[in-house]
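The values are calculated or read from the model by the stated rules, or taken from the named source; none is laboratory data. Everything quoted here is computed from the prediction, not taken from an experiment. All Cβ positions, glycine included, derive from the backbone under ideal geometry; neighbour counts span all protein chains shown.
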Amino acid sequence: MKNRIVVMASGEGTTFQEIYNACSHNRINAEVVALISDRLDSGAVTRAGKMNISVIHYSLSNKYMIIEEIKKLKPDLIALAGFLKILPEEFIDNFPGKIVNTHPSLLPCFGGKGMYGINVQKAVLKSGTKVTGCTIHLVDRDVDHGPIIAQETVPVIPSDTPESIQERVHSVELGLYIDAISSMLNFDYTIVENRVKFKN
């Protein structure tokens, strides 16, 4: 029996597409059962239409209705895929240990309020660090803080721009996210010092 994934996205939907493709090609033993988006004119919503996946419109005013709709879907995992709204505590508390996110830095560095998109890589470049990367983590009440599932490093080189760092991080981020989602669905785990530790 396949697992059930709900994806939340705000933008073009490239990560959403990768998750869908991974499910279709059995890299993830799951099916995407719904897309939640705060922007009905987004590329992600357009992609969902082509995939014949139902779309739920997200706004703070209907958060309780959305929580109930998601519960009806019985997801095994909720994957944030470029979702730019900060989830309210009530939402997170209803799905403990089931919400995963990807962030384009090595958390806890360059995370938190305002640290999304190109802003992250501008901060990376300004800091002078020689190494950055991406992080897959469980979502808790604090922004970019939950237990870390996986990380991968990429170098920062002298000729870099924020855009070139972003491209290099993105090239490893999607594969890492797919592997992390698969592991979360296939293996038992414990939380040790804010890290997800999978059981053999």
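Failed condition for Thr135, given (1) touching a residue at least 40 places away in the same chain (Cβ under 8 Å); (2) within 13 Å of the chain's Cα centre (by Cα), with all others met?
(1)
Scan the range 154-167 and give yes if some residue there is over 19 Å from Leu84 (Cα atoms), at pLDDT 95 or above, acidic (Asp, Glu) and touching a Cys at 6+ places or on another chain (Cβ under 9 Å), otherwise no.
No, the range 154-167 contains no residue that is over 19 Å from Leu84 (Cα atoms), at pLDDT 95 or above, acidic (Asp, Glu) and touching a Cys at 6+ places or on another chain (Cβ under 9 Å).
May I ask you to list the residues in the range 23-44 that are of a type outside the set (D, E, K, R) and either surrounded by 22 or more Cβ atoms within 10 Å (Cβ to Cβ) or closer than 17 Å to Ile178 by Cβ (or both)? So that I can check it myself, show each step before the final result.
Kept after step one, since they are of a type outside the set (D, E, K, R), are these residues of the range 23-44: 23-26, 28-30, 32-37, 40, 42-44.
Result: Cys23, Ser24, His25, Asn26, Ile28, Asn29, Ala30, Val32, Leu35, Ile36, Ser37, Ala44.
Name the one entry in Gly82, Gly114 that is in a loop (DSSP other than H, G, I, E, B), without any contact (Cβ under 8 Å) to a residue 40 or more places away in the chain and either over 25 Å from Val192 (Cα atoms) or among the hydroxyl-bearing types (Ser, Thr, Tyr) (or both).
Details: Gly82 fails: without any contact (Cβ under 8 Å) to a residue 40 or more places away in the chain.
When all the criteria are applied, what remains is Gly114.
Please state which of the following conditions Cys23 fails to meet, knowing it meets all the rest: (1) under 16 Å from the mean Cα position of the chain (by Cα); (2) touching a residue at least 24 places away in the same chain (Cβ under 8 Å); (3) farther than 21 Å from Asn94 by Cα.
(2)
Limited to the range 153-196, what total is found for residues that are surrounded by fewer than 17 Cβ atoms within 10 Å (Cβ to Cβ), charged (D, E, K, R) and touching a strand residue (DSSP E or B) at 6+ places or on another chain (Cβ under 6 Å)?
Number of matching residues: 1.
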